[in-house]
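Asks: Structure incoming, see below.
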Amino acid sequence: YRLPTRLHPGRPDIVWLWGGHSNAVYSVAFSPDGQLMASGSWDETIKIWRVSDGRLLRTLTGHTSAVNSVAFSPDGQLLASGSWDTTIRLWRVSDGQLVRTLTGHTYYANSVAFSPDGQLLASGSFDRTIKLWRVSDGQLLHTLTGHTDYVNSVAFSPDGQSLASGSFDRTIKLWRVSDGQLLHTLTGHTWDVNSVVFSPD
């Protein structure tokens with residue numbers, strides 16, 4: 001439903017307030033063209049919304065536990081979701097059909113990210129590993145080990161050659177994507193690292 005505009009002069013307007021999930025919403029992502037938004041929830045579903053009017057277009061079901069992370073592919077055709085059911089699922093955005101389920105993590109799949117060219121998917125897990133998957137066929141290419149606690153966040157560099165991961169072990173690690181080798185460990189935080197991101201350049 002629509003909220004009044006100009007609620008707070010000088011501050012950004014709140015245009016749409018969406019409802020529909022039956023439990024907490026844990027992750028949201030915009031499609032590359034900005035026309036769609038996906039939301040992942042502890043109600044075990046993913047919802048895809050039209051941004052222009054807030055209309056719910058489809059609800060994706062299949063996960064058997066909370067959905068912690070959602071990410072659109074760079075071309076906007078696929079949506080990845082990571083869940084506490086330990087799986088990562090790839091969905092076709094156009095009709096919401098499940099393309100494939102990626103299995104291999106032994107604990108919550110907490111974060112997902114596509115490489116800039118859309119050919120790879122990274123997933124971070126509470127099993128303390130990061131996995132690199134080939135999107136075209138779901139093949140597991142590398143399992144990155146070195147964190148000593150839950151992995152909360154993963155992000156590809158803009159050139160797709162490096163991957164960053166943030167962990168409950170209070171470190172950020174930088175990995176070489178081509179072979180999964182650890183490049184650097186960044187320290188200094190005094191508590192859990194919950195999110196990592198690269199600058200565009």
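Any read-out appearing in this document is the output of simple, stated calculations on the displayed coordinates, not a laboratory observation. Not measured: the values here are computed from a predicted model. Every residue, glycine as well, gets a Cβ built from its backbone with ideal geometry; the counts of neighbours run over all protein chains shown.
Asks: Which of these, 76, 20, 40, has the largest mean-square fluctuation under a Gaussian network model of the chain (Cα springs below 10 Å)?
Replies: Among 76, 20, 40, the largest mean-square fluctuation in the Gaussian network model of the chain belongs to 20.
Asks: Is the shape of region 129-176 best called rounded, prolate or oblate, per the rule: a/c under 1.5 gives rounded, else a/b larger than b/c gives prolate, else oblate, with a ≥ b ≥ c the square roots of the Cα gyration tensor eigenvalues?
Replies: Taking the square roots of the gyration eigenvalues as a ≥ b ≥ c, region 129-176 is oblate.
Asks: Would you mind computing, in nm to one decimal, how far apart the modelled labels at residue 141 and residue 98 are, each placed 7 Å from Cα along Cα→Cβ?
Replies: Once both label points are built, they end up 2.5 nm from each other.
Asks: Specify which residue in the list 59, 105, 79 is farthest towards the positive end of the charge dipole of the chain, using unit charges on the beta carbon of Lys, Arg (+1) and Asp, Glu (-1), about the Cα centre.
Replies: 59
Asks: I would also like to ask the following. If you put +1 on each Lys and Arg Cβ and -1 on each Asp and Glu Cβ, how big is the dipole of region 47-92 around its Cα centre, in Debye rounded to 20?
Replies: 160 debye
Asks: Follow-up. Once you charge only the Cβ atoms, +1 for Lys and Arg and -1 for Asp and Glu, what is the size of the charge dipole of the chain about its Cα centre, to the nearest 20 debye?
Replies: The calculated dipole for the chain is roughly 360 debye.
Asks: Report the local net charge at residue 112: Lys and Arg +1, Asp and Glu -1, summed over other residues whose C-beta lies under 13 Å from its C-beta.
Replies: With Lys, Arg at +1 and Asp, Glu at -1, the net is +2.
Asks: Consider the candidate values (1) -0.71, -1.12; (2) -0.42, -1.21; (3) -0.63, -1.23; state which one is log10 I(q)/I(0) by the Debye sum over Cα atoms at q = 0.10, 0.18 Å⁻¹ computed from the structure displayed.
Replies: Identified label for the calculated read-out: (2).
Asks: Could you check the spin-label model distance between residue 183 and residue 119? Points 7 Å from the Cα along Cα→Cβ, value in nm.
Replies: So the label points at residue 183 and residue 119 sit 1.7 nm apart.
Asks: Among 129, 87, 61, determine the one that fluctuates most according to a GNM of the chain built with springs between C-alpha atoms less than 10 Å apart.
Replies: 61
Asks: Under 10 Å, Cα contacts only: if you run a Gaussian network model on the chain, which one of 63, 142, 184 comes out with the highest mean-square fluctuation?
Replies: Comparing 63, 142, 184 in the GNM, the peak value goes to 184.
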